[in-house]
Amino acid sequence: MAKNIKCNSCDNPATVHLTQIVNNQIHKVDLCEKCAKDKGVADPGGFSISDMFSGELDSSPGNENELTCSACGFTHADFRRNGRFGCATCYLSFETILEETLEGMHSGTHHRGKVPQVMLGRLKNQVKIERVERSLNDAVAAENYEAAARFRDQLSSLRAEEQSRSSLHSNQ
C-alpha cells in the first residue's frame, strides 16, 4: 500500500495526484480533495498545467498586488487559469513571472536552436577550407612555393571531400 502522501497546500492526506513529464523530468502535485476543488482541478476549464510549473498553487486569487497587463487588463490569475496571455503586451507585463516559469520548465530561457550533424560537418569543413585558402595566399605572397604547393594539395583534398559529401546527401 502507498504511504500517506500529504497535500502540497495543506497537511491533509492527498487524494488527487497530478503528474506531468516534460523533457524527461517528472513534475508531481499532490492535493487533498478540498484543495483540488479550490484550485479548480476538478473543473478542467479552471485548472492550468502552468500552475504546477510556476509553483503558484498556493496563491490566492484576487490578490490586490497582483500584476496586471496595462494594455488588456489581463491578470496573473487569468494567466494561471487559462495558461495563455491576453495580448502581446502581456509578455512584457509578466516578464518576471514568465522567466521563472520557463526556467522551471526548461534548462534556460534563451533558445539557441540546433544544427543538424550534416550541417556541422559542412561548417567545420568550410572553416578548414577558408583557413587553408588564407595560408595558401600568404605562402604565395611570401613566395614560399613549396608551402603553397602543400596548401594547394590540401585545399584540393578538402574541396573533393566537400563535393563527395554533397553528392552523397543529394542522392539520399
Kindly provide the Kirkwood hydrodynamic radius of segment 117-170 in Å, to one decimal, from all pairs of distinct alpha carbon atoms. 11.7
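Of Val127, Val16, how do they rank once you tally other Cβ atoms within 10 Å and put the fewest first?
Numbers: Val127 10, Val16 17.
Lowest to highest Cβ neighbour count: Val127, Val16.
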Mind listing the phi-derived Karplus ³J(HN,Hα) values for segment 73-87, rounded to whole Hz, using 6.51, -1.76 and 1.60 with θ = phi - 60°, and x for any glycine or proline? x, 5, 10, 4, 4, 4, 5, 4, 6, 9, x, 9, 8, x, 7
To make sure I understand, if each residue's beta carbon is the centre and we count other beta carbons within 10 Å, what order do Phe85, Phe79, Phe94 fall in, fewest to most? Phe85, Phe94, Phe79
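Values in this text are rule-based calculations from the coordinates and carry no lab data. Please read these numbers as outputs of a predicted model, since none were measured by experiment. Ideal geometry is used to build each Cβ from the backbone, glycine not excepted, and the neighbour counts take in all protein chains shown.
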